[in-house]
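I have placed the structure first, in the form of structure tokens, so that the comments after it can refer back to it.
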Amino acid sequence: MTTDCNAPIGVFDSGIGGLSVLKALRAALPHEDFVYIADSGHAPYGEQGAAHVLARSRALAQYLVSQNVKALVMACNTATAAAIALLRAEHPGLALIGVEPALKPAMALTRTGRIGVMATRGTLASAKFQALLAAQACGPQAVEFITQPCDGLAQAIEASAGTGDTTKTIALCAYHISAMGPFGTKPGEIDTLVLGCTHYPLASEHLRALVGAPVRFIDNGEAVARQTRRRLPDGLLASNARPGRVSLFATSQTHALQAAAQRWLGLSAAVGLLSF
Ligand code: DGL
């Protein structure tokens, strides 16, 4: 692993979803440079099985390590669930940070004891998520998690970033929210919603319109940013006084990443196409 404190931090996701994490990373680490890859040519991850996600995560990690990143953030719940253990074994010296659905913080917030968890089918089916869920059951609080595999939603969010047409995103948000049951703050209602896929915060305005103002949304962007800061020893923090730069790449649909980066992060950088 590089010991150059001004080397960039690598970040990847299946698409634009990881921008929700990159936003928090930039706020927490304003002088750091980032290289972001949207693997849109091989998305969606959530519905293609763990072997595909593992193979793509390995290829992306290898590429970013070859670009001398000083840390690697897997800004994707599905990839973290499928591949973080193997990537840790393959890159033992690398600061590697993953993201997983924020079940524990949700438990601290709920009053009704009913917590909704929206995630991809791949994340929910993974052994890592099942272990996380089982670990919460050991706590003193009686809480029920209502998990919803949100088929199609990440892909719809991705498509709407390119076209500006949110019709399908809104319809899928409505479908998945209604499948989870009533939301609100009365007994028996879901009062806390875990956004367990990094794409979903990009649809939070549509989700909010469906569940109402009092329901709390939780995603892990800020926690991942704090964890990344912790994993970089002081000697590895950027010594640049200038604001950090972001380089954007995609394995297809560069226009979707460009539009989303402009909209969510105010970035007007050109997006490079990677073909692997
Ligand atoms: N953004 C990804 C996640 O956090 C997955 C989206 C996809 O299915 O490709 O799980």
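Structure notes:
- Potential lengthening between residue 68 and residue 108 on full extension [0.36 nm per residue; Cα-Cα distance subtracted]: 10.5 nm
- Ascending count of other beta-carbon atoms within 10 Å, so fewest first, for 3, 198: 3, 198
- Highest mean packing first, where packing is the average number of other Cβ atoms within 10 Å per residue, the peptides 216-224, 112-120, 46-54 line up as 112-120, 216-224, 46-54.
- The gain in end-to-end length when the residue 231 to residue 131 segment is fully stretched comes to 33.6 nm, 0.36 nm per residue minus the alpha carbon separation.
- About its Cα centre, the dipole of the stretch 123-276 is roughly 540 debye, where the only charges are +1 on Lys and Arg Cβ and -1 on Asp and Glu Cβ.
- Percentage relative contact order, the stretch 108-148, counting C-alpha pairs under 8 Å, at least six apart: 66
- Relative contact order (%) - the stretch 117-276, alpha-carbon pairs under 8 angstrom, separation at least six: 21
Values in this text are rule-based calculations from the coordinates and carry no lab data. These numbers were taken from a predicted model, which means no experiment stands behind them. Please note: Cβ atoms are built from the backbone with ideal geometry, for glycine as well, and neighbour counts cover all protein chains shown.
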